[in-house]
Amino acid sequence: MNAADPSRAWIRQEIAAIPAPDEASARELAAALAWVDSGAELCRRAKPATPPEHLVSYFVITDEAASALLLVDHKNAQLWLPPGGHVEAGEHPRDTVRRELKEELGIALPHDPGTPLMLSRSFTVGLTAGHTDVSLWYWLRIPREQSLAFDAEEFHGLRWFALDALPLARSDPHLSRFVSALNAHLGHSALELSPPP
């Protein structure tokens, strides 16, 4: 991906639209924008870690009442994670959400996923070589009764978690931050989190 690639502008626009509720978030977003503006490769070219820092679109799914989260038991990461995947070269991050939702859960997204609610940067180590994920966190709502066909090659399974029973000790370290971002987006503090054991 070169500096003239229009997808770089799309990625920059997605990051620039994310709210910064505190100084730490503002610094993280500024660093991500500097990374995009640097001309560095943004998308993974080869599995698992080329380039060693690359863009991911996560989508956190809640039920319609936003009272429970759907997480997948990821085989390689050995964590309960939101679904999502690596943004491909030339792909809009929202199109990554649509593609991965179909590939990983077997459903089509009937609407635009909207602006991501959060960005995180994490060094990821699973069963394969470590790398840094720069992750855009999108929010989707689906009914709990929605029929899902998860990707058995990638996941052991999937599960709805009540918000007071999220597996925070065995999940993405930024999941609780996302719940706070969702609270702010919804304008209330109804989503309660228990601290990890």
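The values are calculated or read from the model by the stated rules, or taken from the named source; none is laboratory data. Quantities reported herein were computed from a predicted structural model and do not represent experimental measurements. When we count neighbours, we look across all protein chains shown, and the Cβ atoms used for this are built from the backbone with ideal geometry, even at glycine.
When region 67-98 is filtered for residues that are under 15 Å from TRP160 (Cβ atoms) and either among the acidic types (Asp, Glu) or in a helix (DSSP H, G or I) (or both), only ASP73 remains. Consider region 10-35 and keep the residues that are within 22 Å of ASN183 (Cα to Cα) and small (Gly, Ala, Ser). The one that is surrounded by the fewest Cβ atoms within 10 Å (Cβ to Cβ) is ALA24. Selection within region 64-117: residues that are surrounded by fewer than 18 Cβ atoms within 10 Å (Cβ to Cβ) and of a type in the set (Val, Ile, Thr). The member of this set that is nearest to GLU145 (Cα to Cα) is ILE107.
Taking GLU64 as the residue in question, decide whether it is on the phi < 0 side of the Ramachandran plot and either modelled with pLDDT of 95 or more or not in a loop (DSSP other than H, G, I, E, B) (or both). Please lay out each step first, then the result.
Working: on the phi < 0 side of the Ramachandran plot: yes; either modelled with pLDDT of 95 or more or not in a loop (DSSP other than H, G, I, E, B) (or both): no.
Considered against the rule, which asks whether it is on the phi < 0 side of the Ramachandran plot and either modelled with pLDDT of 95 or more or not in a loop (DSSP other than H, G, I, E, B) (or both), GLU64 comes out as no.
Out of region 1-24, which residues are assigned to a helix (DSSP H, G or I) and either more than 16 Å from SER122 (Cβ to Cβ) or modelled with pLDDT of 95 or more (or both)? Within region 1-24, PRO6, SER7, ARG8, ALA9, TRP10, ILE11, ARG12, GLN13, GLU14, ILE15, ALA16, GLU23 meet the criteria. Among the residues of region 36-58, the one identified as over 17 Å from PRO167 (Cβ atoms), crowded, with 18+ Cβ neighbours inside 10 Å and in contact with a Pro (Cβ under 6 Å, 6 or more places away or on another chain) is SER57. Look at (1) under 24 Å from ARG99 (Cα atoms); (2) exposed (fewer than 14 other Cβ atoms within 10 Å of the Cβ) and you find that TYR138 fails only one, number (2).
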